[in-house]
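S.K.: This is the structure I have questions about; it appears just below.
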Amino acid sequence: MPALNLVEAVNRALARAMEDDPRVVVLGEDVGVNGGVFRATVGLLERFGPERVVDTPLSEALIAGMAIGMAAEGLRPVVEIQFAGFAYATLDQILNHAGRLRHRTQGRLSCPMVMRMPCGACIRAPEHHSESPEAIFAHVPGIRVVAPSSPARAYGLLLAAIADPDPVVFLEPARLYRLWREEVADDGAPLALDRAFVLREGSDLTLVSWGAMVYETLSAADALAREGVRAEVIDVATLKPLDEETILASVAKTGRCVVVTEAPRTCSFASEVAAVLAGRGLTSLLAPVERVTGWDTVTPLARLEARYMPDVPRILAAARRALAYR
Amino acid sequence: MSVVARFEVRYTQYLDERGRALGPLPEFARDPRALVPAYRAMVLMRALDAKAIALQRTGRMGTYASTLGKEAIDAGCGAVLEKDDVVLPSYRESGVLFLRGVAPHRVFLYWGGDERGNVFPESPRDFPFCVPIATQLAHAVGVAYAIRLRGERRAALAFAGDGATSKGDFHEALNAAGVWCLPLVVLVVNNQYAISMPRRRQTAAETLAQKAIAAGIACEQVDGNDAIAVRDVVGRALARARAGDGPTLVEALTYRLSDHTTADDASRYRSAEELAEAWKREPVARLRAWLAANGAWTKEDEVALERECAARAEAAAKAYLETPPPDPEQMFRHLYAQLPAAYRWQRAAACGEATEDACA
Ligand SMILES: Cc1ncc(C[n+]2csc(CCOP(=O)(O)OP(=O)(O)O)c2C)c(N)n1
């Protein structure tokens, strides 16, 4: 089995999908000759040709919209948006069309497309290159929102997203692209969408996260373990639709929950998790749900990123508050 | 200093305002009887339009966007579309859809507020009505790209209004269509208004067609009230597209003889004199005059057609009004290929099969 980092796993999944299904096309800015600015599409042009690995004009709204047209005409487009901060121009197409086409035509046309994009901060990139727009997309009916947090899950979830008959926004954690390698069987096997992953079992506390922040959350769980606290760690993975049952089952066991995201706090996806627990898990809760989030500020430039991002100490502080609550 | 490029925009018109040929007609119009189906379709469009407005005025339909004045465009396009082409309408192309075989009561159903109006079993690959201005042009690029990728002899025909040409989506679509030499025709229905905004304040450009020049694609203007000219220009553009010779922007000049929609009052922003002038150029009377002058249409034909169209409009209204209202489950049906488990309780609650708190 090859040891792959996350961006290589994305690349393998794209190649595998293109190999297995001639309807799959990859399109976006610099995805062809250049192999993508993060190299997620490297080698695809050589293998599959410029008709299926499409360097597009610099036109985000067009790219998203044309993917809708391609999908309706029977292709399986996989769009790359260069950075999540530039995906806002696609919102019109995703909200008004991708998520509605099947319903608007009562099943006559459908929109099996994937829109991938790197997101998140701490890659020392310029302004607008560090956004976490998952809550914005998760608000859109008719689509799925997926945020992998490891090479193996990126591989399996991306294959599942491409095979899915409906539109999927696929949020890749840029900060994790090259952080570590793990064995990924390039076997073409998709992972289940709509399912959260319990990464670590524990009975004292539930830590919930997704995307890049899963990394810090696992580190926090390690630190807690050294203190004898057994934290259960859940990677939400598919934010929309949310696997409420896995989270509720965990909190039924632990009674205490910390939700971690680097997105700004207000109306963040952490708020949705907290609302689910307040609505359906109230009798399980032994402590208020803690949200560890980015501040309600713009994502700062690189020199202040470390003061913006939730980090292990902040997660630990929240965990201790939750554990101490009587 | 030297000139590096020169551009020109051609304008095509065959019939004058009173239906007299201005010069030699295209091949397909040598036998005037060949234009009778287009004329019949135009009269039917008008009857259906009047019926829709009557239904709205009597509280039996929602806000409706009239097609009054653009019948020659819809009929001209309908005549040259092939079955396997793909139409991407705005909200004002009911006429084109009728000619694609879409049953009129479906269009009424859509404006009556029912998604089932966008189910076109008669032309299943055509796109539904599109309300967000110009967004359909991006879809058309994707459709045309798919057609080209598979090497098929088909084309996409997308419609947009004059207001749409101010949006980025319009320019992004033309630009991309040019880059990939796509089998796409974009038809701009220049009806002189975007709600209250007159064409001359929408852009300083002399023509809307010329916006394609910057994208490096073919463009031309056509008299959108001249069914023969529309059929000629769009027919050639579609033929080029299918043959792999690239995209075209066609600007069809017409005039919106109606209010913007039934929710609008155009007298707030344009004069009765202007409207009266525009009526002199309207397309239906023009084609009828030409057909009559060439022995292809009689008074008796007209009386019979009017009776037939009134009956068809009546039948469409009846079919629409008799369609049972959708059940609430329709909100969830086809939202996804399969409704995710997470939302099943919402469906049950919306359908009154469960209470919200029991599920939450
Ligand atoms: C993106 C967007 N902005 C605003 C509107 C509201 N609106 C509906 S129709 C219209 C005018 C469109 O004018 P034009 O493109 O010339 O088409 P026409 O209605 O004249 O056929 C506006 C502003 C809309 N539907 N979509």
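S.K.: With labels modelled as points extended 7 Å from the Cα through the Cβ direction, what inter-label distance (nm, one decimal) is found for B:Asp327 paired with A:Ala189?
M.R.: 4.0
S.K.: Within region A:179-217, name every residue whose backbone N is under 16 Å away from a label modeled 7 Å from Cα of A:Arg39 along the Cβ vector.
M.R.: From region A:179-217, the list is A:179-182.
S.K.: Around A:Arg291, which amide H atoms from residues at least 5 apart in sequence, or from another chain, sit under 5 Å from its own amide H, with H modelled in the peptide plane?
M.R.: Amide H neighbours of A:Arg291, under 5 Å, 5+ apart: A:Val259.
S.K.: Among all the aspartates and glutamates, which ones have a C-alpha under 18 Å from A:Lys253's C-alpha, if same-chain residues fewer than 8 places away are not counted?
M.R.: Within reach: A:Glu201, A:Asp204, A:Glu232, A:Asp235, A:Asp243, A:Glu244, A:Glu245, A:Glu290.
S.K.: Another question about this same structure. Please list, in order along region A:93-100, the HN-Hα scalar couplings obtained from phi with the Karplus expression 6.51 cos²θ - 1.76 cosθ + 1.60 (θ = phi - 60°), rounded to whole Hz, x for Gly and Pro.
M.R.: For region A:93-100, the Karplus-derived couplings read 5, 5, 6, 7, 10, 4, x, 10 Hz, x marking Gly and Pro.
S.K.: So which lysines pass the test for B:Lys167, namely a Cα distance under 25 Å, with those fewer than 8 places away in the same chain ruled out?
M.R.: Output for B:Lys167: B:Lys70, B:Lys211.
S.K.: Evaluate E = 1/(1 + (r/R0)^6) for A:Val312 and A:Ala125, where r is the Cβ-Cβ distance and R0 equals 25 Å; express this FRET efficiency to the nearest 0.05.
M.R.: 0.65
S.K.: Please find, in a Gaussian network model of chain B (springs between Cα atoms separated by less than 10 Å), the residue of B:Pro326, B:Pro340, B:Pro32 whose mean-square fluctuation is greatest.
M.R.: B:Pro340
S.K.: What distance in nm separates the two pseudo spin-label positions at B:Thr203 and B:Ala239, each 7 Å out from Cα along the beta-carbon direction?
M.R.: About 2.7 nm separates the two model spin labels.
S.K.: Here's a follow-up. At a threshold of 8 angstrom on Cα-Cα distance, excluding pairs fewer than six apart, so keeping six or more, what relative contact order does region A:1-148 reach in percent?
M.R.: 20
S.K.: How much length, in nm to one decimal, is gained on full extension between B:Arg6 and B:Glu122, taken as 0.36 nm per residue of separation minus their Cα-Cα distance?
M.R.: So the chain would gain 37.3 nm between B:Arg6 and B:Glu122.
S.K.: Along the charge dipole of region B:16-129, pointing to its positive end and built from +1/-1 on Cβ of Lys, Arg, Asp and Glu, which listed residue (B:Leu25, B:Met42, B:Met61) has its Cα farthest out?
M.R.: The residue sitting farthest along the positive end of the dipole is B:Met61.
S.K.: Separate question: Output ³J(HN,Hα) for region B:15-31: one whole-Hz value per residue in order, computed from phi by the Karplus curve 6.51 cos²θ - 1.76 cosθ + 1.60 with θ = phi - 60°, and x for Gly and Pro.
M.R.: Working through the residues one at a time gives 10, 7, 4, 9, x, 9, 5, 7, x, x, 9, x, 3, 5, 9, 4, 9 Hz.
S.K.: Please give the net charge around A:Ser203, taking every other residue with its beta carbon less than 14 angstrom from that of A:Ser203, where Lys and Arg add +1 and Asp and Glu add -1.
M.R.: +1
S.K.: Simple spin-label model, 7 Å along Cα-to-Cβ: B:Val131 to A:Ala275 in nm?
M.R.: Taking the simple label geometry, B:Val131 and A:Ala275 are separated by 2.3 nm.
S.K.: On to the next question. Could you give the angle, 0 to 90 degrees to the nearest 10, between helix A:312-324's Cα long axis and the longest principal axis of the Cα atoms of chain A?
M.R.: With both axes taken from Cα atoms, the answer is about 50 degrees.
S.K.: Suppose only helical runs count, i.e. DSSP H with n ≥ 4. What mean residue ellipticity at 222 nm does that imply for chain B under -39500 (n - 2.57) per run, divided by all residues and rounded to the nearest 500 deg cm²/dmol?
M.R.: -12500 deg cm²/dmol, from helical runs alone.
S.K.: Using only the Cα atoms of region B:1-158, construct the convex hull and provide its projected area averaged over every direction, in square nanometres to one decimal.
M.R.: 13.9
S.K.: So what is the diffusion coefficient of chain B in µm² per second by Stokes-Einstein at 20 °C and 1.002 mPa s, using a Kirkwood Rh over Cα pairs?
M.R.: Translational diffusion coefficient: 99 µm²/s.
Any read-out appearing in this document is the output of simple, stated calculations on the displayed coordinates, not a laboratory observation. This is a predicted model, so every value here is computed, not measured. Here the Cβ is made from the backbone with ideal geometry for all residues, glycine too, and neighbour counts use every protein chain on show.
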